[in-house]
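Let me begin by presenting the structure, written as structure tokens, before commenting on it.
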Amino acid sequence: TAADTNTYLNNGGLVFVKQVTIGNAVSSVAVTSAFSSTYANYRIVIVHPQSANNDGLRIQFGSTITGYYGSLFYYLYTGASTGYSVFNNAANLDCALLDTTANTMTTFDVGNPNAASRTYMNGTYFGRGYTGFFSGVEVGSTQHTAFTLLPSTAGGTLTGGKIYLYGYRNE
């Protein structure tokens with residue numbers, strides 16, 4: 001029935017939370033009021049960010065700058081090289097390799113960012129001619145409401161692109 005259809009549509013799937021545009025040559029992008037108790041899990045989609053010096057794209061949850069563990073793997077689509085980055089009690093986690101052009105996209109899920117428990121993430125990306133995947137955890141018990149994206153090198157900058165945030169509707 002129409003009532004059943006409306007109930008199922010209202011009770012399932014992803015819900016748009018917010019969109020943020022990355023500025024020009026910024027040292028970081030803070031996404032505030034991102035996480036709340038409304039959703040336990042989130043999806044982040046970042047399209048077309050650039051870096052003048054081919055930085056990696058990193059994420060930090062709230063103001064937590066320690067306790068990140070994870071890895072990022074990459075494979076050059078021509079088959080010429082592969083590699084990885086490992087994070088052991090780091091200040092943040094990699095979630096993409098950036099390019100000097102707008103040819104990057106990363107999509108990942110974040111679990112429990114607003115709970116007083118560990119925050120998990122995993123996803124995939126394409127950038128700088130590489131495809132890859134990553135996963136990690138922030139082992140603290142802080143209830144995060146925000147996240148920050150930043151380049152992997154000191155003094156690096158981010159330019160352009162958009163960040164889309166969605167919440168996974170709870171049952």
For region 153-171, the count of residues that are within 29 Å of residue 37 (Cβ to Cβ) and open to solvent by 40 Å² or more (accessible area, probe 1.4 Å) equals 7
Listed by first then second residue, the pairs whose first member lies in region 20-32 and is on the phi < 0 side of the Ramachandran plot, whose partner is open to solvent by 40 Å² or more (accessible area, probe 1.4 Å) and hydrophobic (A, V, I, L, M, F, W, C), with beta carbons under 9 Å and at least 6 positions apart or on separate chains, are 20/30
Note on region 122-134: residues in contact (Cβ under 8 Å) with a residue 60 or more places away in the chain and surrounded by fewer than 18 Cβ atoms within 10 Å (Cβ to Cβ) are 133
Residue 154 meets each of (1) more than 24 Å from residue 170 (Cβ to Cβ); (2) touching a strand residue (DSSP E or B) at 6+ places or on another chain (Cβ under 9 Å); (3) not β-branched (Val, Ile, Thr) with one exception, condition (2)
From the option list 106, 119, single residue qualifying as touching a His at 6+ places or on another chain (Cβ under 8 Å), crowded, with 18+ Cβ neighbours inside 10 Å and within 23 Å of residue 17 (Cβ to Cβ) is 119
Of all strands (runs of 3 or more DSSP E) fully inside region 82-136, the set with 1 or more residues that are more than 20 Å from residue 164 (Cβ to Cβ) and hydrophobic (A, V, I, L, M, F, W, C) is 82-90
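The values are calculated or read from the model by the stated rules, or taken from the named source; none is laboratory data. For clarity, every value in this text was computed on a predicted model and none was experimentally measured. Neighbour counts run over all protein chains shown; Cβ positions are idealised from the backbone, glycine included. To get the accessible areas, we keep the full protein, side chains included, count just its heavy atoms, and leave off ligands, DNA and RNA. Shrake-Rupley method; radii C 1.70, N 1.55, O 1.52, S 1.80 Å.
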